[in-house]
Amino acid sequence: MAVVSRLLDNRVMKRSAPIFRRARLAPPADHFLAAATIHESQRWWNGMVMGCLGMLGFSGTLPATRLAVPAFGPLVLTCGRIEVAAILGALVLLVLRGRRLPRRDELPGIVLMGLGLAVGYPFFIALALEHVPSAHGAVIIGLAPAATAVIAVLRTGERPPKRFWIGCCTGFLAVAFFAIQQGGGQLVPADGWLLAAMLSVGVAYVEGGRVSRDLGGTATLCWAMIFLAPFAAVPIVLNVQTLPWGAIPSSAWIGFWYAAAISMFFASVAWYRGLAAGGIARIGQLNLAQPMLALLWSAALLGEQITWSFAATSVVVAASMAVCLKSRVAQVPEPHSIQGK
């Protein structure tokens with residue numbers, strides 16, 4: 001009986017050995033927590049890289065617009081940018097993996113993004129730059145990150161901590177002081193157009209960032225440009241015969257193609273991918289550095305003078321951006337996202 005008992009025990013142990021091995025190999029709960037942390041860190045890093053690329057591309061928008069708007073005019077320049085971006089978007093969608101048509105609930109966000117990014121922002125910028133230097137416009141547009149953060153709180157449920165708002169307000173005040181100092185102690189009428197441009201781009205960033213989380217930043221931008229293209233074609237057809245095409249200088253063409261291909265499309269693709277990966281409020285603060293880069297472009301390409309306040313504002317803005325980017329932003333799920341799960 002003892003021999004039979006040992007044989008039965010050995011058989012039971014052999015059958016249960018895989019179970020014990022699987023139990024020993026099962027990863028602890030800390031393993032999943034570490035994997036989630038690594039994934040979040042990777043998304044944040046990807047958002048930072050793409051956001052920086054987008055911001056770098058955007059920094060040349062104002063000098064490029066300053067070069068192009070005297071030859072093309074605000075309306076043709078704005079609509080021409082949309083048409084070029086729509087053509088590029090259609091080509092990208094043809095080769096984009098996992099592409100799909102936008103859902104009905106995504107259409108309002110896509111339209112608002114397109115109107116803010118491709119219509120309101122460039123049109124108001126072009127109107128303002130007919131009267132003020134691009135350096136002045138660049139500083140006013142530096143207020144856009146603050147507007148983006150406020151709109152993100154209202155529309156997406158992001159809840160930045162107090163130090164985020166301290167950094168944001170510090171950057172805001174530094175940029176506002178710089179604008180007033182550059183304007184001789186007061187704001188100029190063109191600042192109204194720049195303010196409208198700032199609000200337009202803030203709405204575009206937030207609405208586009210929301211849709212990009214599911215549809216993808218590249219596809220969101222492509223569909224926005226394609227939807228706007230038929231409407232943008234009308235002003236171009238009406239004004240095409242009035243433009244002195246032969247007299248347009250090469251510098252204006254360079255400004256046009258930069259504003260259309262780089263600013264309107266490629267930089268926007270990188271930017272919206274960054275917003276979707278790293279968070280709208282945090283990545284949006286990268287634009288605090290855009291006015292300083294735009295001033296450098298303006299000085300290098302247009303010969304505009306950089307004053308002593310440039311260096312001081314650059315230091316304050318860089319410090320404010322660092323505080324904002326290191327602030328962990330809490331995300332409150334939106335009602336529709338909860339219902340969809």
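The values are calculated or read from the model by the stated rules, or taken from the named source; none is laboratory data. Note that this is a predicted model, so its numbers are computed, not measured. We place every Cβ from the backbone using ideal geometry, glycine too, and count neighbours over all the protein chains shown. Remember, those area values only see protein heavy atoms, side chains included, never the ligands or the DNA or RNA. Shrake-Rupley method; radii C 1.70, N 1.55, O 1.52, S 1.80 Å.
Among the residues of the stretch 286-313, write down those that are of a type outside the set (A, V, I, L, M) and open to solvent by 30 Å² or more (accessible area, probe 1.4 Å).
Trp297, Gly303, Glu304, Gln305, Thr307, Trp308, Phe310
Considering only residues that are surrounded by fewer than 19 Cβ atoms within 10 Å (Cβ to Cβ) and in contact with a His (Cβ under 9 Å, 6 or more places away or on another chain), which ones fall in the stretch 93-145?
Asp105
Select from the stretch 74-92 the residues that are among the β-branched types (Val, Ile, Thr), within 21 Å of the chain's Cα centre (by Cα) and more than 13 Å from Ile262 (Cα to Cα) and list them in ascending order.
Thr78, Ile87, Val92
Answer yes or no as to whether Ala196 is of a type in the set (Gly, Ala, Ser) and either buried (at least 18 other Cβ atoms within 10 Å of the Cβ) or not in a helix (DSSP H, G or I) (or both).
It is false that Ala196 is of a type in the set (Gly, Ala, Ser) and either buried (at least 18 other Cβ atoms within 10 Å of the Cβ) or not in a helix (DSSP H, G or I) (or both).
Right, Lys326: closer than 28 Å to Ala224 by Cβ and at pLDDT below 75 or not?
When the stated conditions are applied, Lys326 does not pass them.
Could you give every pair whose Cβ atoms fall below 6 Å, whose first residue belongs to the stretch 158-176 and is touching a residue at least 12 places away in the same chain (Cβ under 8 Å) and closer than 25 Å to Gly192 by Cα, and whose second residue is surrounded by 13 or more Cβ atoms within 10 Å (Cβ to Cβ) and aromatic (Phe, Trp, Tyr), counting only separations of at least 6 or pairs across chains?
Listed by first residue and then by second, the contacts come to nothing, as the list is empty.
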